[in-house]
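Coordinate-derived values only; no laboratory data. Just so you know, these numbers come straight off a predicted model, no measurement behind them. So basically every Cβ, Gly included, is an ideal-geometry build from the backbone, and we count neighbours across all protein chains shown.
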Amino acid sequence: MLTFDFMRHAFVASTFIAITCGLIGVFVVARNMSFLAHTLAEIGFAGASFGVFLGIAPLNGMLLFTMLSSVTIGQMSAKESRREASISAISSLFIGLGILFLSLSNQNASYATNILFGSIIGISLADVYQLMALSAVIVIGILLFYRYLVFDSYDPIGAQAQGLKTNLISIYFLILLAISVSIAAQIVGSLLVFILVTLPAFIAKYLAKSVPAMLAISVGAALLGVWLGLWLGYITNWPVTFFIATIEFGFYFMALLYHRHVSR
């Protein structure tokens with residue numbers, strides 16, 4: 001399988017993306033931001049469509065839209081009901097914009113399919129380097145502020161009491177999440193981005209009791225999912241996204257059963 005350049009590119013890119021999503025997902029789940037991750041993916045769809053409309057790389061358009069939106073969302077009211085209502089409205093708007101940009105670009109349906117469902121097979125070497133660099137930015141960003149992210153994610157009231165600027169931490173995290181969503185979409189597409197961002201993290205939540213253990217299990221589940229998905233996609237010629245989604249769901253289901261059995 002790895003004798004072909006396109007499979008080596010896909011393997012390297014998916015490895016870095018899986019590590020990134022496995023790490024960021026633990027904090028997404030801790031902050032109850034699964035819905036927000038899905039919303040950023042929909043915003044990313046509009047950004048990628050905008051990139052196609054302008055004739056630039058869809059990933060660059062996706063990064064632009066998701067990062068700007070993450071800052072805006074981070075500055076919204078802390079009241080949960082108002083925030084969720086605003087996020088739902090923003091999500092609907094950007095889905096419409098994405099459809100509009102694709103229509104104006106006069107591109108065929110394959111562009112929409114690639115954006116919505118991913119196209120890791122056939123990724124170029126230049127794209128691999130870009131994805132590796134973005135993944136490195138996220139990993140370094142998490143490591144630099146690891147203690148603050150853990151504190152604010154698992155004990156936000158205590159973090160505020162200690163005088164931490166939780167609003168700035170939230171915006172910082174949302175920017176990292178925006179980058180993660182944008183690069184994860186290269187594998188599973190904007191429609192199914194939550195597969196890599198949230199499912200491995202939920203698996204880790206059911207199996208581990210400490211944050212370091214959760215991070216390790218989440219990264220491991222994400223890596224196994226993309227590696228097996230690539231291999232199965234290669235030997236069957238079926239969509240890689242289908243296999244990744246199925247494998248991650250299987251892992252999640254088994255972790256859930258284990259958690260319920262242990263909790264009895």
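May I ask you to say which residue of ILE179, ILE120, ILE183, ILE138 is surrounded by 20 or more Cβ atoms within 10 Å (Cβ to Cβ), touching a His at 6+ places or on another chain (Cβ under 9 Å) and within 30 Å of VAL211 (Cβ to Cβ)? Please lay out each step first, then the result.
Details: ILE179 fails: touching a His at 6+ places or on another chain (Cβ under 9 Å); ILE183 fails: touching a His at 6+ places or on another chain (Cβ under 9 Å); ILE138 fails: touching a His at 6+ places or on another chain (Cβ under 9 Å).
Answer to the selection: ILE120.
Helices (runs of 4 or more DSSP H) fully within the stretch 169-264 that include at least 1 residues being among the aromatic types (Phe, Trp, Tyr) and free of Cβ contacts under 8 Å to residues at least 12 places away in the same chain: 240-263.
Against the list (1) buried (at least 22 other Cβ atoms within 10 Å of the Cβ); (2) within 28 Å of GLN130 (Cα to Cα), the condition LEU168 fails is (1). Quick check on the stretch 9-16. Is at least one of its residues within 21 Å of ASP127 (Cα to Cα), part of a helix (DSSP H, G or I), over 11 Å from the mean Cα position of the chain (by Cα) and hydroxyl-bearing (Ser, Thr, Tyr)? Taking every residue of the stretch 9-16 in turn, at least one turns out to be within 21 Å of ASP127 (Cα to Cα), part of a helix (DSSP H, G or I), over 11 Å from the mean Cα position of the chain (by Cα) and hydroxyl-bearing (Ser, Thr, Tyr). Against the definition (under 20 Å from GLN130 (Cβ atoms) and polar (S, T, N, Q)), how does SER210 come out, yes or no? Answer is no for this residue. Report yes if SER49 is touching a residue at least 60 places away in the same chain (Cβ under 8 Å), touching a Leu at 6+ places or on another chain (Cβ under 6 Å) and more than 19 Å from VAL139 (Cα to Cα), otherwise no. Answer is yes for this residue.
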